[in-house]
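Derivation of every value follows stated rules applied to the coordinates shown; laboratory data play no part. Just so it is clear, the structure is predicted and the values come from calculations on it, not from any experiment. Here Cβ is always computed from backbone atoms with ideal geometry, including for glycine, and neighbour counts include all displayed protein chains.
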Amino acid sequence: MPQETIIELVNVGFQYVGSEKTALKNISLSIKKGEVVAIVGHNGSGKSTLCKLFNALLLPSEGKVTVRGMNTCDEQNTLEIRRRVGMVFQNPDNQLVTTIVEEDVGFGPENLGIPPVEIRARVNAALESVEMTSYAEKASHALSGGQKQRVAIAGLLAMQPEVLVLDEATAMLDPKGREEVLSTVLRLNREQGMTVVMITQFMEEALGVDRVFVLSEGRLVMEGTPEEVFNEQTLLEESRLEAPAYVQLRDELIAAGLPVLSTAMTCDALADELGRLLTQKG
């Protein structure tokens, strides 16, 4: 059964007011229900501009963006589109609006006029989903960066979106915080079927997704599975990107004559491959 399309862009272009440069050029893509996709590209490639089109924070200069068939340029659709497509931004401190965790998570539903009993149920469910229940009554400012981003995600979950868009949401975090956020969104996809879009500068984060979109100079230059994309070394270099470190290591092992499978792209997969080769040699 074909997957439902949630977000679709057709021949989309975008240019900021007052700028002579076109930020996005002729972008066509679709995001399906239940997918995890990554959007990668060099600095200034248009990644963040693109993701802001997904929930009508920006409107296309040309072409068409739809969410569940709703045109983002129709103002009547704006609130519903933003409810369906939640965004987590780079700086966690800019997304927390109250001093207590549970109050922050309930802020969005409260503004919608949802009854207090339902708000409480949503807050509890959202905090449980991001494994932050024990922090419900803690001060938001005392949390680590990774924990703050998980609270920001919980605040979106309380609004019951269909899509989570992470706009370089791990860029300001240490490795532990990055892992906390990444594992949280992948678990939400796995357990709840949440559609996830990750804009990231860390190529390793794109290894566990379903599809990767590569932007360069405002154009979509490549799309495919992580294996397909990260095996296109020439195109990556032309886009001023490098393959993830473990993919580079795999290629070095293959160049050295070791028969490592081309599908080995993660630490665990490479370890398994080396173990297999050692067993065969023994």
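Each residue of the range 243-258 is assigned a 3J(HN,Hα), and the resulting list reads 5, x, 4, 5, 5, 4, 5, 4, 5, 5, 5, 5, 5, 7, x, 7 Hz, derived from the Karplus form 6.51 cos²θ - 1.76 cosθ + 1.60 (θ = phi - 60°), x at Gly and Pro. For the chain, adding -39500 (n - 2.57) for each run of n ≥ 4 DSSP H residues and dividing by the number of residues yields -11000 deg cm²/dmol at 222 nm.
List every residue whose amide H lies under 5 Å from the amide H of VAL196, counting only residues 5 or more places away in sequence or on a different chain, with H placed 1.01 Å from N in the peptide plane. The list, which skips near neighbours in sequence, is GLU35, VAL36, VAL37, LEU164. Max-minus-min Cα coordinates of the chain on each principal axis give 66, 47, 40 Å, with the largest extent listed first. Taking a straight Cα-Cα cut-off under 14 Å and skipping sequence neighbours fewer than 8 places away in the same chain, the aspartates and glutamates within cross-link reach of LYS148 are ASP93, GLU102, GLU103, ASP104, GLU131, GLU137, ASP174, GLU179, GLU180.
Classify the range 39-188 as rounded, prolate or oblate, taking a ≥ b ≥ c as the square roots of the eigenvalues of its Cα gyration tensor: rounded when a/c is under 1.5, otherwise prolate if a/b is larger than b/c and oblate if not. Oblate shape, in that a/c is at least 1.5 and b/c is the bigger or equal ratio. Hey, what angle do you get for helix 267-281 against the long axis of the chain, alpha-carbon based, 0 to 90 degrees rounded to 10? Approximately 30 degrees, to the nearest ten.
Converting phi to 3J(HN,Hα) with the Karplus coefficients 6.51, -1.76 and 1.60 and the offset θ = phi - 60°, the range 145-159 yields x, x, 5, 4, 5, 5, 5, 4, 5, 4, x, 6, 4, 5, 8 Hz in sequence order, with x at every glycine or proline. What is the antiparallel percent of DSSP beta bridges lying wholly in the chain, to the nearest 5? Given both bridge residues lie in the chain, the antiparallel proportion sits at roughly 50 percent.
Scalar couplings 3J(HN,Hα) for the range 39-50, obtained by applying the Karplus form with A = 6.51, B = -1.76, C = 1.60 to θ = phi - 60°, are 10, 10, x, 5, 4, x, 6, x, 4, 5, 4, 4 Hz; x denotes Gly and Pro. Projected label points at THR78 and ALA142, each 7 Å from Cα along the beta carbon direction, are separated by 3.9 nanometres. What separates the Cα centres of the range 192-231 and the range 73-149 is a distance of 26 Å.
Between ASN91, VAL67, PHE107, the Cα set farthest toward the positive side of the dipole of the range 5-226 (charges on each charged residue's Cβ, about the Cα centre) is that of VAL67. Residues whose amide H falls under 5 Å from that of LEU24, counting only those 5 or more places apart or on a different chain, are PHE14, with hydrogens built in the peptide plane. Based on the Cβ-Cβ distance from ALA269 to ASN124, what FRET efficiency comes out when R0 is 35 Å, to the nearest 0.05? Efficiency computed from Cβ-Cβ geometry: 0.40. Multiplying the residue separation of GLU223 and GLU237 by 0.36 nm and removing their Cα-Cα distance gives an extension gain of 3.5 nm.
Counted by Cβ distance under 12 Å from LEU156, the other residues give a net charge of +3, where Lys and Arg count +1 and Asp and Glu count -1.
Taking Cα centre as origin and charging only the Cβ of basic (Lys, Arg, +1) and acidic (Asp, Glu, -1) residues, the dipole magnitude of the chain rounds to 300 debye.
How far is helix 175-192 tilted, in degrees, relative to the longest principal axis of the Cα atoms in the chain, given as a value from 0 to 90 rounded to the nearest 10? Helix 175-192 and the main axis of the chain meet at about 70 degrees.
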